[in-house]
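One structure below.
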Amino acid sequence: MTWLVTGGAGYIGAHVAHAMVDAGLDVVALDNLSSGHRAFLPDTVPLGWVSVTDQDDVRDVMEENDITGVVHLAAFKYAGESVKQPLKTWRQNLGGTVAVLGAMQELGIDRLVFSSTAAVYGTPETELVTEDTPTHPESPYGSSKLAAERAIIEQAAAQRSVGKQLRHTALRYFNVVGSSAPGVYDSSPHNLFPLVMDAIARGDAPRIFGTDYDTPDGTCVRDYVHVADVAAAHVVAAQALDRREDLRTVYNLGSGTGTSVREIVNTCIDVAGAELEPVLTGRRAGDPARIVASGKRASYDLEWQMRHSVRDMVASAWAAHPRSGATR
Ligand SMILES: NC(=O)c1ccc[n+]([C@@H]2O[C@H](COP(=O)([O-])OP(=O)(O)OC[C@H]3O[C@@H](n4cnc5c(N)ncnc54)[C@H](O)[C@@H]3O)[C@@H](O)[C@H]2O)c1
């Protein structure tokens with residue numbers, strides 16, 4: 001049994017690939033290296049250097065490597081950017097998923113773990129987002145991921161109607177941070193962690209937008225989860241599908257509690273040993289006070305747990321950060 005990890009040279013995909021290898025699974029990666037790095041992958045993992053949007057190329061990689069299951073992470077993941085580039089977002093995120101499903105159907109591959117996002121919920125009014133919270137995506141990123149989930153469900157139903165199983169699940173997560181694989185870091189130019197760490201590495205004070213929210217310390221509260229915990233849930237899902245167990249169509253990998261932006265920024269400064277005070281500025285338009293998801297359902301079926309503290313998240317991210325001086 002061999003698993004294909006699309007987007008396997010990316011930040012989360014590489015962690016998933018490392019975790020699968022560590023769990024004794026055979027892994028092949030598929031990635032066009034548009035934002036990923038070959039060096040992120042374990043040396044033993046072959047890379048199919050093709051686009052996930054080309055069904056023929058995807059099928060060839062699957063066929064050549066006797067793939068039996070797919071973890072599909074390759075995507076354009078920037079919610080803000082997706083508003084400026086909706087067509088690119090839909091092509092990558094829905095088009096890529098359709099190509100993966102098509103290639104799987106051609107070859108009779110019947111296991112799929114899909115990397116979704118809590119952006120499908122938009123700005124929920126509830127204290128704690130669960131899988132039953134209504135979906136209201138607010139960007140092409142969130143909409144395209146939700147549509148991709150739907151495409152998977154409809155394809156599985158169609159296959160079932162002709163006696164062919166497609167076992168699948170979608171994992172929805174918010175802010176994935178930290179590092180647990182050597183030299184693998186989040187290189188996103190738009191996420192809080194890389195932005196704060198880049199600022200600290202330059203000797204600049206990181207900025208906090210808004211300190212008058214109705215939250216314990218006045219700054220926004222967000223759902224941060226350690227990438228090692230996220231990767232572990234992908235492995236457990238893949239193993240369950242290998243055992244032919246049915247999983248729920250959707251799981252939130254949520255922290256249940258959340259962390260304030262001030263706590264993250266202060267911990268980053270502390271871990272880096274920097275003598276900096278965050279710059280407190282006004283609110284940014286459209287930033288909700290709190291978005292936190294429950295990971296309860298995943299804790300039952302996917303052994304989901306927050307095994308790492310905020311300090312673990314920050315310290316491991318800082319150690320892997322290219323300019324922290326800690327790793328290179
Ligand atoms: N980072 C987060 O906080 C977060 C949160 C929720 C969901 N996600 C989802 O997790 C997945 C991985 O995100 P990440 O943070 O590792 O991002 P990333 O940009 O580091 O990884 C994406 C990978 O996909 C590859 N890729 C992109 N388009 C491709 C294409 N057309 N063909 C082949 N490969 C392609 C990139 O080269 C990259 O290696 C994405 O699906 C994203 O939507 C991420």
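Of note:
- Dipole check for segment 131-280: with +1 at the C-beta of Lys and Arg, -1 at the C-beta of Asp and Glu, and the Cα centre as origin, the magnitude is about 900 Debye.
- Relative packing of peptides 52-60, 5-13 - highest average C-beta neighbours within 10 Å first: 5-13, 52-60
- The Cα trace of segment 101-166 gives Rg and Dmax of 14.4, 43 Å, the first to one decimal, the second as a whole number.
- In the chain, the DSSP beta bridges split such that about 5 percent are antiparallel, to the nearest 5.
- Nearest 10 degrees, 0 to 90: helix 310-320 Cα axis against the chain principal axis: 80
- Nitroxide proxy distance, nm - points 7 Å out along Cα→Cβ at Val162 and Asp214: 5.3
- For segment 245-259, Karplus couplings with θ = phi - 60° (6.51, -1.76, 1.60), whole Hz, Gly/Pro x: 7, 7, 10, 5, 5, 9, 10, 8, 9, x, 7, x, 10, x, 9
- For segment 215-328, a simple Cβ point-charge model (Lys and Arg +1, Asp and Glu -1, everything else neutral) yields a dipole of about 220 debye relative to the Cα centre.
- Of Val21, Phe76, Val113, farthest towards positive along the dipole that unit charges on Lys, Arg, Asp, Glu beta carbons give segment 1-124: Phe76
- The listed residues Trp90, Trp318, once ranked by accessible area (1.4 Å probe) with the largest placed first, stand as Trp90, Trp318.
- Sequence ranges 93-102, 259-268, ranked by mean other-Cβ count within 10 angstrom, highest first: 93-102, 259-268
- Spin-label pair Glu64-Leu107: with each label point 7 Å from Cα along the Cα-Cβ axis, the two points sit 1.1 nm from one another.
- With N as its number of residues, the chain has a Cα radius of gyration that, divided by 2.2 N^0.38 Å, comes to 0.97.
- Remark: the chain carries a charge dipole of roughly 340 debye about the Cα centre, counting +1 on each Lys and Arg Cβ and -1 on each Asp and Glu Cβ.
- Per residue accessible area of segment 234-328, 1.4 Å probe, in Å²: 50
- Separation between Cα centres of segment 294-315 and segment 199-275, rounded to whole Å: 10
- Convex hull per residue volume in Å³, alpha carbons only, for segment 1-102: 83
- Helix-only CD estimate at 222 nm, as mean residue ellipticity for the chain, using -39500 (n - 2.57) per DSSP H run (n ≥ 4): -11500 deg cm²/dmol
- Simple spin-label estimate for Asp132 and Lys88 in nanometres, 7 Å along Cα-Cβ: 4.0
The values are calculated or read from the model by the stated rules, or taken from the named source; none is laboratory data. Nothing here was measured: the structure is a model prediction, and the numbers come from that model. No Cβ is skipped: glycine too gets one built from the backbone with ideal geometry, and neighbour counts run over all protein chains shown. In case anyone asks, the SASA skips ligands and DNA or RNA and just uses the protein heavy atoms, side chains included. Shrake-Rupley method; radii C 1.70, N 1.55, O 1.52, S 1.80 Å.
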